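A short reminder: the numbers here are calculations on the coordinates, not readings from a lab. Keep in mind that this is a model prediction, so the values were computed, not measured. Cβ coordinates were reconstructed from backbone atoms using ideal geometry, including for glycine residues, and neighbour counts include every protein chain displayed.
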Amino acid sequence: MPTATGLPFDDIRALFERLTQPDLEARGRAALRNANLLKPTGSLGELEDIALFLAGWQGVEKPQITRPIVALFAGNHGVHAQGISRWPMEITQTMVDMFMQGGAAINQLCALHGLGLKVFDLALDMPVNDFTEEPAMDEKGCAATIAFGMEAIAGGVDLVCLGEMGIGNTTAASAIYAALYGGDVEDWVGDGAGADDDQRARKVAAITKGLALHAPSLNDPLEILRCFGGREIAAMVGTIISARAERVPVVIDGFVVSSAAAVLHKIDPALLDHCLFAHVSAEQAHQKALDAMGQKALLNLGMRLGEGTGAALAAMLVKSAASTHSGMATFADIGLPEVTSLPAEQES
Ligand SMILES: O=C(O)c1ccc[n+]([C@@H]2O[C@H](COP(=O)([O-])O)[C@@H](O)[C@H]2O)c1
Ligand SMILES: Cc1cc2nc[nH]c2cc1C
């Protein structure tokens with residue numbers, strides 16, 4: 001990834017200059033098909049919007065989801081030493097082992113909804129640096145981790161749901177939001193995986209210290225990622241970028257995955273055009289983060305697990321949207337007149 005001519009991040013930044021776009025002609029054909037499907041206009045609500053979104057990114061009138069995956073990234077965090085989580089760091093490895101054994105929540109949802117599960121553990125025995133003392137990563141390591149995340153869609157997938165596991169990573173995510181958007185640190189901090197009042201106060205203190213230490217870097221979103229992010233967050237940035245290049249839609253999970261999306265949104269909101277936001281996490285500040293990105297989530301079920309569980313549920317909706325749109329009969333099929341053009345405002 002790093003080149004002889006520039007800094008490692010230069011290669012990443014170059015990718016933002018040549019963004020693939022949805023196929024608007026295919027999307028238009030899908031909109032016409034949608035108008036002819038055997039149902040009252042608009043009666044499948046947001047499923048219709050999702051079907052047209054898929055048609056645009058897949059470049060076909062009848063989109064299909066046949067190879068969906070959850071890409072689940074795990075990382076450990078040096079800031080854990082500041083007493084910011086209810087859980088020991090070893091739980092990250094324990095859960096990775098459990099993902100392999102099939103006993104975690106995400107395994108059940110993947111099996112139920114026909115989603116492949118790819119688990120990537122990112123040097124769990126070498127946590128990123130404690131961001132209250134030094135940047136979490138150096139530029140080379142951060143860029144290499146972004147590049148690693150780009151490989152998650154290799155082998156051909158047509159929907160990628162992002163998930164993560166990392167004790168301490170809600171502190172990293174809160175720090176990223178506070179650095180990107182400013183405001184009171186308290187407003188970006190929540191209970192994570194069950195923090196008590198003292199742990200929560202220590203999250204605020206750690207982030208406040210980190211923001212002061214890394215103040216010179218706060219005007220550059222990739223630097224913010226490097227200073228505060230875990231490897232799992234950097235890798236998810238990479239997956240979102242490579243999915244865009246391949247025109248593969250991405251489903252963003254909760255509070256932590258959204259922090260990876262927020263890094264890209266701050267660089268250019270158009271970098272998220274191929275992403276759907278799955279759910280509003282119960283982690284306080286997730287709604288605030290969604291608002292900052294101008295995003296509306298599909299579900300709001302009070303979930304705050306991570307692992308990609310909210311994204312896996314939303315994938316079921318995305319698959320439903322593709323199936324109804326592509327499989328239904330039309331009014332012409334029952335001998336009724338066909339709609340042959342749409343009013344201009346309904347064309348996209
Ligand atoms: O993504 C979310 O919405 C979310 C909200 C709260 C907690 N989590 C999960 O909880 C873990 C981090 O919690 P903590 O308190 O150790 O920072 C990590 O494995 C996340 O997947 C995830
Ligand atoms: C047990 C456990 C499972 C998790 N899955 C995602 N984050 C988690 C955090 C904990 C503590």
## Note on the structure
When 241, 153 are ranked with the fewest other C-beta atoms within 10 Å first, the list becomes 241, 153
#### Entry: the chain - mean residue ellipticity at 222 nm from DSSP helices (-39,500 (n - 2.57) per run, n ≥ 4, rounded to 500)
-14500 deg cm²/dmol
### Task
Any of 140/209; 39/118; 203/319; 39/319; 140/288; 39/296 with alpha carbons more than 29 Å apart? Name them for me.
39/118; 203/319; 140/288
### Summary
Treating every alpha carbon of the stretch 69-317 as one equal point scatterer without solvent, the Debye formula yields log10 I(q)/I(0) values at q = 0.08, 0.11, 0.14, 0.17 Å⁻¹ of -0.25, -0.48, -0.81, -1.27
### Task
Starting from the Cα-Cα distance between residue 94 and residue 218, subtract it from 0.36 nm times their residue separation and give me the gain in nm to one decimal.
41.2 nm
### Summary
Rounded to the nearest 10 degrees, the helix 90-101 long axis (Cα) sits at an angle to the longest Cα principal axis of the chain of 30 degrees
### Query
Can you list the GluC sites (Glu not before Pro) in the stretch 1-99 that are in a DSSP coil and have 16 or fewer other beta carbons within 10 angstrom?
17
### Message
Using only Cα atoms and rounding to the nearest 10 degrees, what angle (0 to 90) does helix 169-181 make with the longest principal axis of the chain?
### Response
80 degrees
### Task
Output the relative contact order of the chain, whole-number percent, from Cα pairs under 8 angstrom with separation of 6+ residues.
26 percent
### Fewest-first ranking of 97, 198, using other Cβ atoms within 10 Å as the exposure measure
198, 97
### Cβ-Cβ FRET estimate between residue 60 and residue 112, R0 fixed at 22 Å, reported to 0.05
0.25
### Task
Determine the shape class of the stretch 198-308: with a ≥ b ≥ c the square roots of the Cα gyration tensor eigenvalues, call it rounded for a/c under 1.5, and otherwise prolate if a/b is greater than b/c, oblate otherwise.
oblate
### Summary
Magnitude of the Cβ-charge dipole (Lys and Arg +1, Asp and Glu -1) of the stretch 70-148 about the Cα centre, nearest 20 debye, reported as 400 debye
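Write down the percent of antiparallel bridges among all DSSP beta bridges whose residues are both part of the chain, to the nearest 5.
5 percent
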### Summary
Counting sequence-distant residues (5 or more places) and residues on other chains, those with an amide H built under 5 Å from that of residue 277 are 252, 298
### Label point distance in nm, residue 201-residue 133, each placed 7 Å from Cα along Cα→Cβ
2.4 nm
## Note on the structure
Expected sort for 176, 91 with the fewest Cβ neighbours (10 Å cutoff) up front is 91, 176
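Using a 10 Å Cβ count of at most 16 others and DSSP loop calls, identify the longest part of the chain lacking such trypsin sites (Lys or Arg not before Pro).
My reading of the result: 87-246 is the longest stretch.
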#### Entry: the chain: angle of helix 45-58 to the longest principal axis, Cα-based, in degrees nearest 10
80 degrees
### Message
If the only charges are +1 at each Lys and Arg Cβ and -1 at each Asp and Glu Cβ, what is the size of the charge dipole of the chain around the Cα centre, to the nearest 20 debye?
### Response
560 debye
### Task
Using the charge dipole of the chain (Lys, Arg: +1 at Cβ; Asp, Glu: -1 at Cβ; taken about the Cα centre), state which of 343, 262, 126 has its Cα farthest towards the positive end.
343
### Task
May I ask you to derive the relative contact order of the stretch 76-136, considering only C-alpha pairs under 8 Å and at least 6 residues apart, and to give it as an integer percent?
53 percent
### Message
Can you find, among 285, 6, 213, the residue sitting farthest towards the positive end of the charge dipole of the chain, where Lys and Arg contribute +1 and Asp and Glu -1 at Cβ?
### Response
285
### Task
Please name which of 84, 113, 201 has its Cα lying farthest along the dipole of the stretch 69-317 towards the positive end, using unit charges on Cβ (Lys, Arg +1; Asp, Glu -1) and the Cα centre as origin.
113
